[in-house]
Each structure stands twice: as structure tokens, then as C-alpha cells.
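A.B. asks: Structure in C-alpha cells, see below.
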Amino acid sequence: MEHIYKYIEDHATQESEALKWVAKQTHLRTNHARMLSGSIQGELLRIIVQTSGAKRILELGTFTGYSAISLASALPSDGHLDTLELNDELEDLILEGFERAGLDEIIELHIGDCKETLRKLRVEIGLDQNSTASDSSRLYDIVYMDANKREYCEYYELVFDMVRPGGLILADNVLWDGKVCQDPLPQDKQTLGIARFNDMVSSDPRVESVILPLRDGLNVIRKK
């Protein structure tokens, strides 16, 4: 499988200098380089943004900023991306990457607990538990989820009405190294969380979805 992945990588649009820098720094300065989106998924995200005409994006889980740069690089000059990250030790690396990419003016980094930040953003949009947004222009065109796998279902419920009709929710790592396909299902919290999320999405009549077997699985969800 590795040789196929290498072939695909070699025949995809090559990553920018800023993305190369982020990838290198991630390997040098963190112990979790495996969490990088990588050039293939990064390019897919960029193309999705470009072809959808998205102007507002929400990302859950910045890590070192690779996917945020990929997403934001296809936004128009008046576009905006809010990205949420728990680990404040990564802040300097993230912000330098955004600056190197020339995207620091359209990406806003929010450091803190993901669910708490989402609740604050809901208030800014004009949402409460039982209402629709008072300003539909502030709804998001795309939400990209790549944060705590145990909390995917809670994220889905919090972001759903933050997305405009026809908008996309993209959820990463939904195959979880194939563990979600195992019988019996592993009982660790991450596997259970993702399996529950996939079941929730597939049975939700408000959306249509497909899981792409790209890297660790990408669930592409369109809100009707």
C-alpha cells in the first residue's frame, strides 16, 4: 500500500513552501508527526474549498496548522477560517506557519477546550440551544473535524446548525486504523467514539455522506 500512496503523492499538486516548513517543523518539534494531514489530504481539502466556493470555515483541531493552511489557501481574500486547538504549547509554531503562508489575516486561532470555544462561537453567531442563527451570513460553509475522537458526536451536535444548508462537515480519522471494522469492536474510548459517530451520521436523515478510504478515513457529510 505504501508504494501506491507514494505514487499518488508524486502525481498530486506539490505542497507549498509554507506547508513544507510546517511539516518539517512538526517532525523536529513534536512527537506526533503522524497526526499531520499530509500533502494528499491537504490538497484534497484545498480543492474542496476552491470548488465549493466556501468563504467561512471552522476547523476543530489545528495541531501544527497544516490542514488550516491547506483549507485557508483556497479562500477568497474576504474569507475567514476559525481554527480551534487545545495545546497552547503549539501556538508559536502554528502562528509562524500562518504568517509564512501569508494567511495570518484570514485565519483566527482559538486556544482552549474545543467544546467551550464552540459554545462561545455559537453565541457570536446568534445561536442558542433551540434557535436558528440570527445572522445566516455568519454560518460556516465547511467544518473540518480533527480533534478529540472521543467527542466527535458532541462536536457534531454543536456544529450542525452552525453550518449552512448545503454546507459540508468533513470528519477525519473515521476508520481509526481499521478498528471500527473489527468484530468484536475494540472497547477503547477513541474507537467507540468514532464508531458511534459514524453510526450517528449514517442514520441522520438531515445529511448525505460517504466515507473516503483516504489515509485514516475521511467522512464527507453534506447538510441537506
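The values are calculated or read from the model by the stated rules, or taken from the named source; none is laboratory data. For clarity, every value in this text was computed on a predicted model and none was experimentally measured. Please note: Cβ atoms are built from the backbone with ideal geometry, for glycine as well, and neighbour counts cover all protein chains shown.
A.B. asks: Would you mind finding the one in ILE48, ILE40, ILE57, ILE4 that is loosely packed, with under 13 Cβ neighbours inside 10 Å, aliphatic (A, V, I, L, M) and over 17 Å from GLU89 (Cα atoms)?
C.D. replies: ILE4
A.B. asks: Check region 84-104 and report whether any residue there is part of a helix (DSSP H, G or I) and among the small types (Gly, Ala, Ser).
C.D. replies: Yes, because at least one residue in region 84-104 is part of a helix (DSSP H, G or I) and among the small types (Gly, Ala, Ser).
A.B. asks: Which of the numbered conditions does THR191 fail, given that it passes all the others? Conditions: (1) among the hydroxyl-bearing types (Ser, Thr, Tyr); (2) in a helix (DSSP H, G or I); (3) within 20 Å of ILE57 (Cα to Cα).
C.D. replies: (3)
A.B. asks: Of the residues in region 1-58, how many are polar (S, T, N, Q) and in contact with a strand residue (DSSP E or B) (Cβ under 9 Å, 6 or more places away or on another chain)?
C.D. replies: Within region 1-58, residues that are polar (S, T, N, Q) and in contact with a strand residue (DSSP E or B) (Cβ under 9 Å, 6 or more places away or on another chain) number 3.
A.B. asks: Sort out which residues of region 26-37 are surrounded by fewer than 17 Cβ atoms within 10 Å (Cβ to Cβ) and under 17 Å from ARG100 (Cβ atoms), and write them in order of number.
C.D. replies: Residues satisfying the conditions are HIS27, LEU28, ARG29.
A.B. asks: If you don't mind, there's one more thing I want to ask. Collect the residues in region 60-80 that are more than 18 Å from GLU116 (Cα to Cα) and outside any helix (DSSP H, G or I), keeping them in residue-number order.
C.D. replies: Within region 60-80, THR64, GLY65, SER73, ALA74, LEU75, PRO76, SER77, ASP78, GLY79, HIS80 qualify.
A.B. asks: Restricting attention to region 152-185, report how many residues are surrounded by fewer than 16 Cβ atoms within 10 Å (Cβ to Cβ) and aliphatic (A, V, I, L, M).
C.D. replies: 1
A.B. asks: Turning to a different aspect of this structure: Right, GLY65: over 10 Å from the mean Cα position of the chain (by Cα), at pLDDT 95 or above, crowded, with 21+ Cβ neighbours inside 10 Å and not hydrophobic (A, V, I, L, M, F, W, C) or not?
C.D. replies: yes
A.B. asks: Which of (1) closer than 29 Å to TYR7 by Cβ; (2) among the polar types (S, T, N, Q); (3) surrounded by 18 or more Cβ atoms within 10 Å (Cβ to Cβ) does ASN148 not meet, given it meets every other one?
C.D. replies: Every condition holds for ASN148 apart from (1).
A.B. asks: Another one. Is it fair to say ARG206 is more than 23 Å from ALA68 (Cβ to Cβ) and in contact (Cβ under 8 Å) with a residue 40 or more places away in the chain?
C.D. replies: The answer is yes for ARG206.
A.B. asks: Just give me the residues in region 105-131 being among the polar types (S, T, N, Q), part of a loop (DSSP other than H, G, I, E, B) and modelled with pLDDT of 95 or more, in sequence order.
C.D. replies: The answer is none; no residue qualifies.
A.B. asks: I'd like the full set of residues that are in contact with an Asp or Glu (Cβ under 7 Å, 6 or more places away or on another chain), at pLDDT 95 or above, closer than 18 Å to ASP146 by Cα and among the polar types (S, T, N, Q), limited to region 7-62.
C.D. replies: THR62 - this is the single residue of region 7-62 that is in contact with an Asp or Glu (Cβ under 7 Å, 6 or more places away or on another chain), at pLDDT 95 or above, closer than 18 Å to ASP146 by Cα and among the polar types (S, T, N, Q).
A.B. asks: If we keep just the residues of region 1-49 that are acidic (Asp, Glu) and either assigned to a loop (DSSP other than H, G, I, E, B) or in contact (Cβ under 8 Å) with a residue 24 or more places away in the chain (or both), which is nearest to ASP141 (Cα to Cα)?
C.D. replies: The qualifying residue nearest to ASP141 (Cα to Cα) is GLU43.
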